[in-house]
Every structure is written in C-alpha cells, then in structure tokens.
Amino acid sequence: MKHAVLGDDRPARETAFAELVAARGDDDRAGLCFEDHSWTWREVVEESRRRASFVRDLDGHVGLFLENGPEHLFWLLGAALAGVPVVELNPTRRGAELARDITHTDCALLVTETSRAPLLEGLADVPVLTVDTRAYARRLAGARPAETVPADPARIFSLVFTSGTTSAPKAVICTQGRLGRIAVQQRDRRGLTRDDVFYVVMPMFHSNALMAGIAPAVATGGRIVLRRRFSASGFLPDVRRHGVTFFNYVGKPLSYILATPEKPDDAGNPLRIAFGNEANERDIAEFARRFGCTVIDSYGSSEGEIRLNRVPGTPPGSLGVAEPGTIVIDPDTLQECPPARFDEHGVLLNADEAIGEIVDTMGAAKFEGYYDNPEATAKRVRNGWTWSGDLAYRDADGYWYFAGRDDDWLRVDGENFAAAPVERLLARFEPFADVAVYAVPDEHAGDQVMAAAALAPDRTFDPPAFAAFLAAQPDLGTKWAPRYVRIVAELPRTPTNKVIKRPLRAEATDTTDPVYAHHNGAYERRPPDRTTHQPRAHGGHRTTTRCG
C-alpha cells in the first residue's frame, strides 16, 4: 500500500495529460488560431493523432527543434497520446552543446524545420524529420490517426531543460500525471473556463508556455492563440482581434509591452489575467492599470515542488506567502532562518541570519528528478528536502522576499547581503529600464557592488542625478551603493528572459561599455579597462550549497 507523503498535494488517482487531450477529440469549438488559420479541438486532436502514428513504436524520445506554430503543438499533443516522451531542445544551443543535449536525453527522432535543420547536421546519428517539406506533407497525408491507448500517469511526458543561468542545463522530468495535475490546478485556481482565450507567445521549448498556457487551455477546452514569437507592438492588436482573456509570460514581456506608446483606450480590451513570473513591481502595477486586468506574478520552480503565491494584502516587492512546509534554511546549520528585521526606513538589519535558501521540507515526493543526472538530483534533494538554489527572507508577517540565486551573495567591508534587494531599489531610478547587481572582487578583500543597467528609450545616464537618487533613498543599505555602474545596450539573457550574470561578473570592468566609478560621493566615467580579470571566490562569504 502506498503511504501518504506529508505535504504531497497529488490526488489519489492522477489524470494523465493524454486523457485531457483525448477528451477534446469530440469538441467542435475553436481550439487553435495561428496567423490566418484556425482548427477546432476535434481537428487539433485529429492532427495530433496523425503525428502520434509516426512515433507510437519509437524506441526512444522525440526531440522537438521547432519554432512556435501548429506543428509544434500537434507534435506535443501527439507524443502525449502516443505515450512517447518529448524533449524540448533549446534553439540557442549550438554544436557540441546541442549534440550533448540530444544524446543525453536519448532522442531517437528529431523533428525540425528547414530554417533550423542545418544546425542539426552532423551532430548526432539520429533520424531527422523536417516538417515544412513536400516529403513530409506526402507522408502526413497518408498517415492514419493513431488509436488512443490507455495513458500511464507515471510515464514521462517531457524533458525540459533548465535555463542554465548558473550551471549547465539539466533536463527536468515532467510526467503525464504531473502535467495533468498542473493543467487542472491552473484551471481551478484561476477560475478558467472553456470561454477563455489563451495567448501563447512565450517560446514553447520552455515550461512556461506548456504549463501556464497550453496545459490549462487543454483542461478547459478554451481556445489557444499561438504566435510564432512575442511582439510588444502586436500584443494589444492580437488581444482585441482574438478576444484574448489570459496571457502567460516569463521575464520581461510586461516591460516591453509597457514601452509601447500608451493610448487612452488601452484598457478597452477583453484581457482578464496576465500570469507569469519575474516581472518587477513597477511593471506589475502599471500593466494592471493600463490594460485593466489582474496581474498574477508568482514564484515557482521548473521542478514543480516549490510555489510562493501573492495573496490580497501582499506588500510591494514581496513574492507573497509560502505553502505549508516551505521555509528559509541556513544551509550551514540546517536551521530555519529567523524573520527579517528592518529599521524605520525599511533597511534589512539582519541579512546574515535572515537570508537563506528556499527549501520545501514536505514536497520531495513531487520532484521527479533530472533525467539521467543522479548527481544533480541528489544535490536538489537532501535531508529529505528539496533545495531551490534561490535565496529569500521573510518578514514578521510571513511575507517572502526574493534575494537572488545562491551565488548572489555579496560581502562588502565584512557585511553580507543579497543582490535582489539592491536591484529592486535601483529599479526605482527612472532612466533604468533593466538592472542587474553582482559582486566583483575588491582589490583588498571581499567584494564590491557592480550594477549593469540598460536605459529606457531616449534616456541617458546622468551621474550627478544617480548619486542624488541614491542619497534620497531611505532604505539604501550602508554598503549597497554600487562602486561601479556599467551602462549596457541590454542585459545578457536566456531565451526565456532570465538574466545571466556569469559573463557580467567575469568581465567586471573589463569592457568597452561605459563604466562609472564611485569616488568621493560622485560617479565618474572611467577609461576602458582592458585588463584581464580572473574570476575568484568571493572572500569571506559564508558557504552556501550550490543546487543548480
């Protein structure tokens, strides 16, 4: 008999995602719109079953190397119906790295299109199916839709690679049962129905598009509006044209949309919910005001066990509250961190003891592991807990605040603090559209604070104005003011808009970008520093366990 796991919110009988797909097979309501074409759900399932017939006897996994589009969706759903795992290959990977992803995940068939096919040549001894060719069209025309087979919730549905912002990407396992559970939970938590229209424009090789957009659309029988790629200028026209009510995002899309010229009637649209993560507080509030919708920006891990949710009354800048069993742990002592204490200006007084790693003490059973990577899986699950690799602190009322990755600690003049609170403060400076804070080595010991900032359109960096801004911030920590400010055209990001700080740290001031140094209360432009900087460990940091 299976014993219940404390904190495990999985139902006694899980619904496989393939069951939800198959349930749409007799649905004649509109299911998919792409450019000038549309399909009913019945037609979507029929097309998916045709693709399923290609792989139902495949000994291995299907690697998808496709842009957003109907073929990508039909192959995702078709593989689910066939019970064959799909591998979402990252199109920004190249050469040996892409070959490693293909072989590591046991791909036995690669599905691509002519624009991407050259990137696969000579990488691996795996058959390639190119979907926008006459040969494929002829083969598809003769394919008989595969019969539906019983779906096993424990069967792997997909392998989706982590973003690789802090280490080599890992393939996260998502079973049919887990995706089915996510689809139903999303539907129920957001009050979504078959009348909702889901705008899916995030890249489909990332879990956000699948779990936040496609899965709940399948569960509800709502309509998917699929776009090849995100367009800030095309967002509102699409919402109005298609009657979009639900928009999922990750990273910077809200900011990009807000950068388009505002019009008096922007709120005249059908959008109800924008759901995602990693938007900043200013963009969340402004997007909700401008477009007359609810923005739900939450924290959740790709691995699926840890969630933080905003609730009514959540203070500005907070991630919200945690579910039972999720706590902040000092990785050295394995003890729960005490609540944060602040002075009258909101400055965090006890960062050393209050900031720790986000850990789920009750959800290890929900983590399905990294594919063929027991070392990484063991790092994430230790002491029977799952470790997120993310830092946070909580206030006395139980509201959580993100503090960065586990390598986002800085130690300046003997004081430890995290990068994320500094980033939130610097984001208030109006000329900054985007900012990242990271440690660079001090010439003597410990770290110095460096910030890289991208400017808003038609703005320039005014050093005296920036110094005055910092002086006016009552919650500026005593060691937080950046020693260096680098002005960049844009921050380095993953395809899903997560900032990658590794190259920024490695380059430090060794860049041709404008760099301003703080000296005697002012910021002065410094000449290009072409000295080669060797990364080194940050002196004096407390040890934190790396989890990914």
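Bear in mind that the values in this text are calculations on the coordinates, not laboratory data. A quick note: this is a predicted structure, and the numbers were derived from the prediction, not measured. Don't worry about glycine lacking a Cβ; one is built from the backbone with ideal geometry, like all the others, and counts go over all protein chains shown.
Output the pairs from K170/K366; K170/K501; K366/K498; K170/K498; K170/K379; K252/K501 with a Cα-Cα distance over 23 Å in this structure; if there are none, say none.
Details: K170/K366 17 Å; K170/K501 18 Å; K366/K498 25 Å; K170/K498 16 Å; K170/K379 12 Å; K252/K501 16 Å.
Cα-Cα > 23 Å for K366/K498; rest within.
Going from the fewest other Cβ atoms within 10 Å to the most, the residues I102, I327 appear in the order I327, I102. Note on segment 17-229: Cα-only Rg and Dmax are 16.2, 48 Å.
The GluC sites (Glu not before Pro) found in segment 442-507 that occupy coil by DSSP, while having at most 13 further C-beta atoms within 10 Å, are E443, E490. Measuring spread by the Cα atoms of segment 322-380 yields a radius of gyration and Dmax of 15.1, 50 Å.
How large is the convex hull of the C-alpha atoms of segment 94-213 per residue, in Å³? The partial results should precede the final answer.
Details: hull volume 21.0 nm³, N = 120.
Output value, Cα hull per residue: 175 Å³.
Amide H to amide H distances under 5 Å link V87 with V62, G63, L64, L159, where only residues 5 or more positions off or on other chains count and H is placed in the peptide plane.
Quick one: of the DSSP bridges fully inside the chain, what percent are antiparallel, nearest 5? Of the beta bridges lying entirely in the chain, close to 60 percent run antiparallel. Spin-label model, T148/R526: points 7 Å from Cα along the beta carbon direction are separated by 6.5 nm. Rg of the Cα atoms in segment 307-405, relative to 2.2 N^0.38 Å, amounts to 1.14.
Take the Cα of D458, go 7 Å toward its beta carbon, and the backbone nitrogen atoms of segment 254-285 under 14 Å from that spot belong to 259-263.
Amide H contacts under 5 Å for V488: A453, A454, L455, restricted to partners 5 or more places along the chain or on a different chain, H placed in the peptide plane at 1.01 Å from N. Among the trypsin sites (Lys or Arg not before Pro) found in segment 405-435, those both in a DSSP coil and sparsely packed, with 15 or fewer other Cβ atoms within 10 Å of their Cβ, are R428. For segment 185-279, applying the loop criterion from DSSP together with a ceiling of 15 other beta carbons within 10 Å to the trypsin sites (Lys or Arg not before Pro) yields R194, R228, R229. Mean sequence separation of contacting Cα pairs (under 8 Å, at least six apart), scaled by the length of the chain, corresponds to a relative contact order of 11 percent. At 37 °C and a viscosity of 0.692 mPa s, what translational diffusion coefficient does Stokes-Einstein give for segment 184-302, taking Rh as the Kirkwood radius over Cα pairs? Give it in µm²/s as a whole number. Using the Kirkwood radius from Cα pairs, D works out to 232 µm²/s.
Between A285 and L140, the contour length at 0.36 nm per residue exceeds the alpha carbon distance by 47.5 nm.
By DSSP, what percent of the beta bridges with both residues in segment 17-229 are antiparallel, rounded to the nearest 5? Can you show the working numbers first?
Values: 9 of 30 bridges.
So the antiparallel bridges in segment 17-229 amount to around 30 percent.
Out of every Cα-Cα pair in segment 412-526, what percent are more than 24 Å apart? Present the calculation step by step, with values, prior to reporting the outcome.
Values: 1214 of 6555 pairs.
Distances greater than 24 Å cover 19 percent of the Cα pairs.
Neighbours of E43 by Cβ distance under 12 Å: Lys/Arg scored +1, Asp/Glu scored -1, total 0. Subtracting the Cα-Cα distance of D413 and D343 from their residue separation scaled by 0.36 nm leaves 23.2 nm. Multiplying each eigenvalue of the alpha-carbon gyration tensor of segment 22-92 by 5 and taking the square root yields semi-axes of 21, 16, 8 Å, largest first, rounded to whole angstroms.
Taking the square roots of five times each eigenvalue of the Cα gyration tensor of segment 258-308, the equivalent ellipsoid has semi-axes of 26, 11, 8 Å, listed largest first. For V225, the amide hydrogen comes within under 5 Å of the amide hydrogens of C33, F198, Y199, V200, counting only partners 5 or more places away or on other chains and with H modelled in the peptide plane. Taking the charge dipole of the chain about its Cα centre, with +1 at Lys and Arg Cβ atoms and -1 at Asp and Glu Cβ atoms, the residue from T133, G477, P527 reaching farthest to the positive side is T133. Across segment 26-36, rounded Karplus estimates of 3J(HN,Hα) from the backbone phi angles (6.51 cos²θ - 1.76 cosθ + 1.60, θ = phi - 60°) give 10, 9, 9, 6, 4, x, 8, 10, 8, 6, 9 Hz, Gly and Pro being marked x. Each Lys or Arg adds one and each Asp or Glu subtracts one; over the other residues with Cβ under 11 Å from the Cβ of G477, this totals -2.
To one decimal place, what orientation-averaged projected area in nm² is obtained for the convex hull of the Cα set of the chain?
Working: hull surface 105.8 nm².
Its Cα hull, projected and averaged over all orientations, spans 26.5 nm².
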